[in-house]
Amino acid sequence: MTLPHDPRTTELFRLALEQNTGDTISLEQFIAPLEARAYGFLVVLLSLPNFIPIPMGVGGVCGTLLIIIGAQMLWGMPRPWLPRFTRQHGFPRHSVETFVSHMTPMFSRLERVCKPRFEQITRRPYSHFSGLMLILLGILLALPIPFTNYPFGLLILGFGVALIERDGVLLALIWVATLISTAMVGSLSSAMVSLARHFFG
C-alpha cells in the first residue's frame, strides 16, 4: 500500500519548481522528483498532441516515441532514459510555470477519481507487461488510420495517469482496452486485405 505521505502528481509538480529556482529548468530536473513515475509523466506528455488539431504525422512521431518508452519499460529500466540533448535542454521557467498551472486543474480532477490501489500491478514484474502494452499503443498510434488519434490519445492519457497515480485498477482497464483495440485493428486490416485481393487479385 502507498504510505499516507506519498505525494500526488500535483504535489510533485510543485516540488519540481521549488527545487529548481533558476531561470531555466531542464526536462531532467523537472521529472527528477517523479523517479519511476517519470514514465507516466512522459506518456501523458505524448498523449497531449493527439488532442490538438495540428498537421498529420503527429501520430507517427508520438507513436515512435511511445514505442521507445515502452521498450525501456519492457527491458526493465527503473527510470526512462532520454538522449542528453533532450533531458538537458533548458526551458524558460515562466514557460514551465505556465505548463504546470494549465495541467494542475486537470490532474486535480483526475486525482479525485484515480488513487493508489492495487499498486503492485504498476510495478515490476507487471511493468514489463505495461511496456509491451505501450509498444502496442505506439504501433496503433503510428498507423495511418484516420480519426484514431483522439481515441488512442485517450488510452495513452489514461495509461500515463494510471502510472503516475499508481492506480492498478485503471491500468488493468487500459491493458484490456489496448488488447481489444489491437484485435479490432488487426481484424480491420485483415478484412481490407481480403477485400483488396477480391477486387485486384
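Please verify whether GLU111 is among the acidic types (Asp, Glu), surrounded by 14 or more Cβ atoms within 10 Å (Cβ to Cβ), closer than 27 Å to PHE152 by Cβ and in contact (Cβ under 8 Å) with a residue 12 or more places away in the chain, treating the condition exactly as stated. It is true that GLU111 is among the acidic types (Asp, Glu), surrounded by 14 or more Cβ atoms within 10 Å (Cβ to Cβ), closer than 27 Å to PHE152 by Cβ and in contact (Cβ under 8 Å) with a residue 12 or more places away in the chain. Identification of helices (runs of 4 or more DSSP H) wholly contained in the range 22-92 with 3 or more residues that are within 13 Å of ILE156 (Cα to Cα) and small (Gly, Ala, Ser) yields 58-75. What are the residues in the range 81-108 that are surrounded by 14 or more Cβ atoms within 10 Å (Cβ to Cβ) and free of Cβ contacts under 8 Å to residues at least 12 places away in the same chain, if any? Within the range 81-108, PHE99, MET106 meet the criteria.
Under the condition of being over 19 Å from LEU188 (Cα atoms) and either out of contact with any helix residue (DSSP H, G or I) (no Cβ under 6 Å at 6 or more places or on another chain) or modelled with pLDDT under 90 (or both), the residues counted in the range 123-154 number 7. Candidates SER190, SER194, SER181: the one that is surrounded by fewer than 23 Cβ atoms within 10 Å (Cβ to Cβ), modelled with pLDDT of 85 or more and part of a helix (DSSP H, G or I) is SER181.
Of everything listed in (1) among the basic types (Lys, Arg); (2) exposed (fewer than 14 other Cβ atoms within 10 Å of the Cβ); (3) within 17 Å of the chain's Cα centre (by Cα), the single unmet condition for ARG124 is (3).
The values are calculated or read from the model by the stated rules, or taken from the named source; none is laboratory data. Every value quoted in this text rests on a predicted model; they were computed, and no experiment measured them. Glycine also receives a Cβ, built like all others from the backbone with ideal geometry; neighbour counts cover every protein chain displayed.
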